[in-house]
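Student: To start, I am sharing the structure in question, which I have written as structure tokens.
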Amino acid sequence: MILGKFFGAVAAQFNKLGNWLFNKDPIAQMQYEYDKAVEQLKEGRVGLEQYRGLVERVLRQVKENEALVAKLTAQAKAYLKIGNRETAANFALQLTRAKAQLAENQQQLAMHEEAYQNNLKKIQHANKKLVELKDKIAKYDADLKMSAAEAEIAKISSTFNMDVTTNFGQLEDAIQRRIDANRGKARVAADMSAQGIADIKAEEQMEKSMAEDALKDLEVDLGMRAPETTPVQQATKDLGPAEAEAARKELENLEKA
């Protein structure tokens, strides 16, 4: 009683293990069942080959019986022709026994041949089913792996969603904030580099104006410009040819000096 309960518990545990393995990797379990069926089919083929050997022996016996019947028939006829009825009767008796043996062996041959053909068809059918099962296992395996890949892709796609609530969304936001900060620094540097440009330009403009005023004062001192705002060209027109030539030579001498 106790042993019965013990073995029952062990069987239940093995059943649970089998169910776990079945659900864990059904393709492997299916492959296992396929391999087991292939081994059984091999054993069935070996048995069929042995059975065919039996059929061949019975067939050989039938052929031997047929040959014996033909021989005994010929011998009985021959002795009848020569009038030896006693010997012919002896061969006739043997012929009767040979025909009975032939009939029995023919019946056995028909029975064994039919059984062989039926088993052959079963094995051929089983082999066809195994080929189909092998193709189906390959297809299931490919479909299972493809569906797993699609599931992973779907999961990755949702993981790569740039929504602010996801890790990648938060990382993207941090990157954008860093880019904005860098651009801000660059803008500040550019703005600061422009500081003082206006002052420099104003100073240059002032110096240019002072130089222009100094030049005008020089022109007034040289008599080339009236104290007012008389243009240089007008002042040149007021000079006579001799005075203009003298001024030109004086300018050349100054440049040489």
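The values are calculated or read from the model by the stated rules, or taken from the named source; none is laboratory data. It should be emphasised that the depicted structure is a prediction, and the values quoted were computed from it without experimental measurement. Positions of Cβ are generated from backbone atoms using ideal geometry, with glycine treated the same way; all protein chains shown enter the neighbour counts.
Student: Kindly evaluate GLU113 against the criterion of being assigned to a helix (DSSP H, G or I), at negative phi, surrounded by 14 or more Cβ atoms within 10 Å (Cβ to Cβ) and of a type in the set (Asp, Glu).
Tutor: Working: assigned to a helix (DSSP H, G or I): yes; at negative phi: yes; surrounded by 14 or more Cβ atoms within 10 Å (Cβ to Cβ): yes; of a type in the set (Asp, Glu): yes.
Yes, satisfied.
Student: Please tell me if ALA138 is at pLDDT 90 or above and either surrounded by fewer than 16 Cβ atoms within 10 Å (Cβ to Cβ) or within 30 Å of TYR32 (Cβ to Cβ) (or both). Working first, answer last.
Tutor: On the way: at pLDDT 90 or above: no; either surrounded by fewer than 16 Cβ atoms within 10 Å (Cβ to Cβ) or within 30 Å of TYR32 (Cβ to Cβ) (or both): yes.
When the stated conditions are applied, ALA138 does not pass them.
Student: Sticking with this one: Quick check: anything in segment 55-67 at pLDDT below 85, part of a helix (DSSP H, G or I) and over 30 Å from LEU144 (Cα atoms)?
Tutor: For segment 55-67, residues at pLDDT below 85, part of a helix (DSSP H, G or I) and over 30 Å from LEU144 (Cα atoms): absent.
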